1. What is the residue count in region 330-346 for residues that are out of contact with any Pro (no Cβ under 8 Å at 6 or more places or on another chain) and either part of a helix (DSSP H, G or I) or at positive phi (or both)?
2. When you scan region 132-139, do you find a residue that is open to solvent by 10 Å² or more (accessible area, probe 1.4 Å), among the charged types (D, E, K, R) and touching a Gly at 6+ places or on another chain (Cβ under 6 Å), even just one?
3. Check region 199-222 and report whether any residue there is within 15 Å of G161 (Cβ to Cβ) and in a helix (DSSP H, G or I).
4. When you look at E193, is it without any contact (Cβ under 8 Å) to a residue 24 or more places away in the chain, at positive phi and open to solvent by 10 Å² or more (accessible area, probe 1.4 Å), yes or no?
5. Answer yes or no as to whether A353 is crowded, with 23+ Cβ neighbours inside 10 Å and in a helix (DSSP H, G or I).
6. Considering only region 56-75, state which residues are part of a strand (DSSP E or B), over 26 Å from the mean Cα position of the chain (by Cα) and buried (at least 16 other Cβ atoms within 10 Å of the Cβ).
7. Look through region 29-51, keep the residues that are over 22 Å from A365 (Cβ atoms) and open to solvent by 20 Å² or more (accessible area, probe 1.4 Å), and return whichever of them is nearest to the chain's Cα centre (by Cα).
Amino acid sequence: MKHLLLAAALILAAPVSAETVFITADRMVDVLTGRMVDAPAIVVTEGRIVSVGRQGSVAVPEGAKRIDLAGLTLVPGFIDMHVHLTSDPKMQPMDALLKTDNYWVLVGAQNAGKMLATGITTVRNVGSSGFDDVAIKQAIEDGRLQGSRIVPATYALGATGGHCDETFFPPSFEAKSPGVADGVDALRAKVREVRKYGAEVIKVCATGGVFSRNTEPGQQQLREEELKAIADEAHMWGVKVAAHAHGASGIKAAIRAGIDTIEHASLIDDEGIKLAKERGAYLSMDIYNTDYTQSEGKKNGVLEDNLRKDREVADVQREGFRKANAAGVKMVFGTDAGVMPHELAVNQFGTMARYGMSPLQVLRAATSTAAEALGREKDVGAIAPGRYADIVAVAGDPLASVEPLMAAKVVVKGGEVVADRR
């Protein structure tokens, strides 16, 4: 009887036959070489790419599911390195305060689905309350929700009274972000705490910000030794660090501290650009969203002081983007979706092209270069063996114009069609 029970247990534990998918299209962009490939044929098993070849030279595996994307060009799924899933920019501030805390998990789940539908198959969520981004990630991975792959930061770290603190409430509320700490040892402890509960990247606010109160974007808010302590601690645990840094001094302090990606970089100067190139830091510059915030922000309840700061950094940031890209700094696609509606994030492709990037540079910023910055080149960022079969099919030639990237026809995640607009 024991042997029969053991045999039954082994049968139940045995892996089921993995689904194999065979994907074809007219063309494919190999972002690693920068070349266009005609008549691609891609074999996928258990959501990952097994082989990439040409139609006619790759045999269709027996029993494989076929996905034929005739007339379209394939590019890797996009990676947005700076999003806030649990935000709704259209909600009036008072209305937001009337929602229960767990409401925002549902908002984030919905937004993860919206971003996936545009072709953004991976997002780095750089800050949320209540470990909501971890919960959404887990639900997506368990198949309960459809949404982008999520790299969560949980609570953003910052100084008391700084951009990552609660800055809109009077003293009687005693409102303080759980990510706030002061001093080297306290910030090291915060790195350990958020990593313990699911952070896969550490977000830190090095300077003031646009959409907080009583902070200015150019204002440095953590000392360089504090930033270095955060970076050293995170790297010891194998975790990368992203620094919100608008001001020139904060940008340079964050780069010298060894932080991996600089977010916004709005007021970067020539010295900062040179330092970023020398140290290999990545810049994630959200140069589209001002178009939305300036046209819709007042209607959405954004305070004039915040809109004033937004106006002041907009053109300076865009020119800094142009200069940094021309200088050869490593640039990644990061939109700050959540400040604007998440489904508009792909509009940044057009802005990046307008401010000096070639279509291939734009595409790499959102794929292979972003994957490098994440440290996940084995999983995402290219249509290549071993990586997830996260693929976007577009009309036209994305190496001639970025326009096709802003209107995905078909989105495939893990070898499964999740959006089809043909």
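1. Here the count works out to 6.
2. Taking every residue of region 132-139 in turn, at least one turns out to be open to solvent by 10 Å² or more (accessible area, probe 1.4 Å), among the charged types (D, E, K, R) and touching a Gly at 6+ places or on another chain (Cβ under 6 Å).
3. No, the conditions are met nowhere in region 199-222.
4. Spelling it out, it is not the case that E193 is without any contact (Cβ under 8 Å) to a residue 24 or more places away in the chain, at positive phi and open to solvent by 10 Å² or more (accessible area, probe 1.4 Å).
5. Taking the combined requirement at face value, the residue does not satisfy it.
6. Result: V58, I67, L69.
7. That would be R48.
A quick yes/no check of all residues on (1) open to solvent by 10 Å² or more (accessible area, probe 1.4 Å); (2) farther than 30 Å from K299 by Cα; (3) not basic (K, R):
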{"position": "G334", "(1), (2), (3)": "no, no, yes"}
{"position": "T367", "(1), (2), (3)": "no, yes, yes"}
{"position": "P385", "(1), (2), (3)": "yes, yes, yes"}
{"position": "A419", "(1), (2), (3)": "yes, yes, yes"}
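The values are calculated or read from the model by the stated rules, or taken from the named source; none is laboratory data. Worth saying up front: this structure is predicted, and the values here are computed from it rather than measured. In this analysis, Cβ positions are derived from the backbone assuming ideal geometry, glycine residues included, and neighbour counts consider all displayed protein chains. Calculation scope for accessible area: heavy atoms of the full protein, side chains included, ligands and nucleic acids excluded. Shrake-Rupley method; radii C 1.70, N 1.55, O 1.52, S 1.80 Å.
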